[in-house]
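Comments concern the structure below.
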Amino acid sequence: MTDLNKNSNQPEIDLEEDEIIQDWSTVSKFTNDNPILSIPKRGEKDYEPDNTNTQEILLYRAQKAMFDTLENSIRGTIIKNQVKAYYIHDRHVGWIPHAKGNFVQTMGETDKEGTLWLHYFEFLYLAERGTITPFWKTNNGIEIPLSIEDLYSFFKNQKEMDDFAIYGYLKRLGFIVKSTNDCIISQNKLSFYPSSVSKSHCINILQNITSIFNKTYNSLFNGIIFSQWHFSHMKYTSSPQIYMSLNRLISYNRAPNSVKELHHDYQFHSGNIESSDKTLQITFNVWKPNPTFKKKFPELPDFQIVTYNKNINDQKFPTYKDLQHLFQSLNYKFNFLMDPANSEFWNRNTYINDIQRQKILDDIDNNPRNKGKLPKKDTNIPENSTNKKQKPKRELPPHIQQLKRLKNGYRSFLLAIMDNGIVSFSKISEADFGSENVWYVPPADGQKKPVNNRKRSQKNKTKT
């Protein structure tokens, strides 16, 4: 390739490594109209043998031309574009002294000196993609290059390997993924619940005692008093009567479905949440692709993921108690409360280090230092283009909304199951069939669906 560039009369252009076009001119000798020199088609190659080596010679020449072209091409990394990253074995993290690239916006933590600190799975992911060049820096300042095989040998346990496999899978799909234990430099607590819901230990004990009495009362009432007397003396003549009788039952556990109920449930169970090495915990916070993502002041995640390896004997599928523990520790955009796209609502209900996110954004906008950095409006854009009529979202009928609530449930998380290296995701939701009707009651006027006058007019035209 260098000889061809020297003979050309065009000026040399300083291109990036991925923009350099490889020279495949030698392969063009085999693509002329001569059938003897051209590569045979697949149908002709798969035909019965003709006792000659013509096809083998043509394929050998084509492969040799391709390999010769690749052998003479420029390889390696341009020095000015190389990003060196170093691994710290004691802390099991990586750091980049001078980070540059788009990955800085969504990965790692940056300190005051401008150094980017990475979790180990982030460090390995960037090394696999070729974004960074990993090194081990000794005490004498000697930089030892690390291979991908060396990086895989630094995994501490099987769970860490599973977390990396799930992290890499989601990152390749374009999602923004952060660890829930994101505290390399400083603890940045992101929560849906304000600090005012915290309470004393005595109140915890009193509420636990009252909950035990309530559950015992509900069990006795449903199992002995209500079911024995009601179902023995009641005769049903239609299906709605059966449904209405089921609605009178008192549910054992009611899922919270409002902001107030979620805060109360978190306040009630915050002192009882215990974690150990064997219990499943939330591993990753996942955001949908967002070009305006703020790593320092993020929004609540769109999803939360729990990793589970079915091939490990110590790990078992979560029980009902484990699921309750996971539901009570969820912190994401609960889509049953409000549409995740409604940023105003979620900014008011998001707390970063016990400070409302909306207040943080207002302080940034009102800061005189940031006024010059804010993007200016383009005066050349006509006003009509910005005031386009947006189509309102179609409101679903009541019975469809009810079916969606029953199907999707309320609080939910994604269980990432590892099965011999294969990743599969299962959504586990908190359903509530005790407080939500499993049947649809039509309105009093008897109109189940909105009438479409357009279809009615078209039918009248066809009849005429």
- Task: Identify the GluC sites (Glu not before Pro) of region 96-150 meeting these criteria: DSSP loop state and at most 14 other C-beta atoms within 10 Å of the C-beta.
- Result: Glu113
- With Rg and the Kirkwood Rh both taken from Cα atoms, where does Rg over Rh land for region 124-171? 1.04
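Stokes-Einstein at 37 °C, 0.692 mPa s, Kirkwood radius from Cα pairs: D for region 82-156 in µm² s⁻¹? Each step should come with its number before you reach the end.
Numbers: Rh = 12.4 Å.
The estimated diffusion coefficient comes to 264 µm²/s.
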- Considering amide H positions built from the backbone, and no H for Pro or chain starts, which residues 5 or more places from Lys294, or on another chain, come under 5 Å of its amide H? Glu299
- How much length, in nm to one decimal, is gained on full extension between Lys288 and Arg129, taken as 0.36 nm per residue of separation minus their Cα-Cα distance? 55.1 nm
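Stretch Arg91-Tyr152 to full length: gain in nm at 0.36 nm per residue minus the Cα-Cα span? Before the final figure, lay out each step's value.
Numbers: separation 61, 0.36 × 61 = 21.96 nm, distance 1.62 nm.
Stretched fully, the Arg91-Tyr152 segment lengthens by 20.3 nm.
Just so you know, all these numbers are worked out from the coordinates, no wet-lab data involved. Quick caveat: nothing in here was measured; it's all calculated off a predicted structure. Note that each Cβ is placed from the backbone with ideal geometry, even for glycine, and that neighbours are counted across all protein chains shown.
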